[in-house]
Amino acid sequence: MELDHHQVEEQQVETLSPLDHKFCVKDFVWSKEEWPTIDHDDYESGDNIPMISLLKVINGKKDEDYLKACNDMVMASEKWGFFKLVDHGVKLEIIENMKKMCNDMFDLPMEKKMKGGRSASLPLGYSATNPDYGKNLPWAEIIQLLQSPQQVVAFATKVYGDQYHQPFSDAMLAYMHELDKLGMLIFEMLADGLGLPSDFFSKNFKEEKEATMIRVNRYPKCPLPHKCLGLGSHSDPHTLTILLQDDKVGGLQVLSPNDNQWVGIRPIPNSFVINIGDTLQAWTNGKLKSVVHRAVVNKEKSRLSAAYFLSPCSQVMIESPQELIDPICNPRLYLPFSWSDFRNQLLSQKRILGKTALQRYLISPCSRPTNKQIF
Ligand SMILES: O=C(O)CCC(=O)C(=O)O
Ligand SMILES: [Fe+2]
């Protein structure tokens with residue numbers, strides 16, 4: 001028998017309820033302005049977002065093919081803030097193993113997962129929905145971990161115990177190691193495409209890995225997908241995001257900087273979606289765009305995504321290079337800031353909706369164009 005709307009809203013949501021509180025579907029209903037306007041599988045308009053292959057790049061030669069791919073990356077990042085990456089060189093086995101380990105963990109009973117539950121002061125570990133969000137709860141379970149091996153092992157040990165944490169820990173660390181390498185290649189390609197020294201970005205990521213992190217989201221089936229969101233509209237504050245979308249079930253939507261319309265990104269097996277974070281937007285004097293996106297849910301299938309957020313060492317100063325500045329037609333937009341200052345500010349803000357985090361570093365907010373997407 002079909003439930004009516006009211007009965008659906010009153011249903012309990014076991015998979016997203018922490019131990020001490022039972023949520024109902026209605027607790028996850030967002031305010032009307034945020035309701036998705038296009039379905040999770042409406043992808044046509046997103047097909048314009050460029051797809052870049054690294055097939056001819058992985059050999060390491062800086063030839064014509066390499067430079068073309070670098071320019072394509074820069075152009076996509078200027079226009080969309082997003083591109084799709086195929087032939088990326090990360091072994092399928094490493095990706096599949098990470099997905100399996102995360103799915104297995106998400107499948108555990110809540111008491112077990114909650115042994116690795118995040119605390120109020122530190123947003124790392126497991127969480128059923130995101131308690132920071134208050135009114136608009138994300139329809140998602142989340143595992144959020146720093147890249148540091150000690151932290152991964154400590155988390156996995158809390159959930160699985162000393163004897164059984166290894167498969168999870170190894171899978172996560174192997175995945176993050178590969179994504180780090182891929183991230184450095186993308187940074188070098190962006191630098192080459194922008195006419196900067198090749199290591200302009202990548203040299204700042206070398207020693208300390210404390211700030212780089214992974215967020216694995218699992219969005220269960222949702223009985224009310226038109227009023228709920230897996231993840232509300234946001235831009236990623238970090239430098240670069242390497243996102244593994246579910247390879248079958250869509251849900252990632254990008255607010256097109258070109259016409260302010262939501263566009264869905266089609267799932268492509270064995271690909272990554274790359275997007276520019278706020279920090280890289282500031283670092284490139286606004287040339288590369290950090291663009292607002294969100295995750296929508298659906299009634300039929302659960303969906304898994306894993307976002308790897310690359311961040312520089314904490315003391316690195318984010319300051320646009322002279323090459324990207326022209327005092328007359330392209331003046332400096334942001335005050336230099338350290339990643340640790342920005343990160344501390346983000347942690348204190350708890351929840352960032354839309355795209356506001358960079359504003360405090362703007363040199364002259366009033367004289368800037370009023371494009372909501374960019375500033
Ligand atoms: O699930 C998705 O596709 C988007 C995830 C995302 O944007 C994030 O974790 O920051
Ligand atoms: Fe994101």
Exercise. Among Met101, Met189, Met73, which one moves the most in a GNM of the chain with springs linking Cα atoms closer than 10 Å?
Worked result: Met101
For this session: Could you tell me the distance between the Cα centroids of the range 273-298 and the range 32-103, to the nearest Å?
Result: 13
Problem set entry | Stretch gain in nm, segment Leu346-Lys203, where the contour uses 0.36 nm per residue and the Cα spacing is subtracted | 49.1 nm
Problem set entry | Which of Val159, Val8, Val292 has the fewest Cβ neighbours within 10 Å, and the rest in rising order | Val8, Val159, Val292
For this session: Using label points projected 7 Å from each Cα along Cα→Cβ, tell me how many nm separate Glu33 and Cys329, to one decimal.
Result: 3.6
For this session: Give the order of Val316, Val153 when sorted by the count of other beta carbons within 10 angstrom, beginning with the fewest.
Result: Val153, Val316
Problem set entry | Antiparallel bridges, percent of DSSP beta bridges restricted to the chain (to nearest 5) | 90
Exercise. Using only helices, what value at 222 nm comes out for the chain when you add -39,500 (n - 2.57) per DSSP H run of length 4 or more and divide by the total residues, to the nearest 500 deg cm²/dmol?
Worked result: -8500 deg cm²/dmol
For this session: Using 0.36 nm per residue of separation minus the Cα-Cα distance, give me the extension gain between Leu362 and Asp20 in nm, one decimal.
Result: 118.9 nm
Problem set entry | the range 134-200: trypsin sites (Lys or Arg not before Pro) in DSSP loop, at most 13 other beta carbons within 10 Å | Lys135
Exercise. GNM on the chain, C-alpha springs below 10 Å: top fluctuator among Leu240, Leu19, Leu304?
Worked result: Leu19
Exercise. Listing Glu323, Glu93, Glu141 from the residue with the fewest other Cβ atoms within 10 Å to the one with the most, what is the order?
Worked result: Glu93, Glu323, Glu141
Seminar exercise, completed: The local net charge around Leu224, scoring Lys/Arg +1 and Asp/Glu -1 for residues other than Leu224 whose Cβ lies under 14 Å from its Cβ, equals -3
Exercise. Points 7 angstrom from Cα along the Cβ direction at Lys221 and His177: gap in nanometres?
Worked result: 3.9
Exercise. Which length gain, in nm to one decimal place, applies between Ser338 and Asn258 when the Cα-Cα distance is subtracted from 0.36 nm times their residue separation?
Worked result: 25.8 nm
Seminar exercise, completed: Mean-square fluctuation maximum in Gaussian network of the chain, Cα pairs under 10 Å, restricted to Ile58, Ile274, Ile49, hits Ile58
Exercise. Using the Cα gyration tensor of the chain, with a ≥ b ≥ c the square roots of its eigenvalues, what is the shape: rounded (a/c below 1.5), prolate (a/b larger than b/c) or oblate (neither)?
Worked result: prolate
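Taken together, the values in this text are just the output of simple stated rules run on the coordinates, not laboratory data. Since the model is a prediction, treat every value here as computed from it, not as a measurement. With ideal geometry, Cβ positions are generated from the backbone for all residues, glycine too; neighbour counts draw on all protein chains shown.
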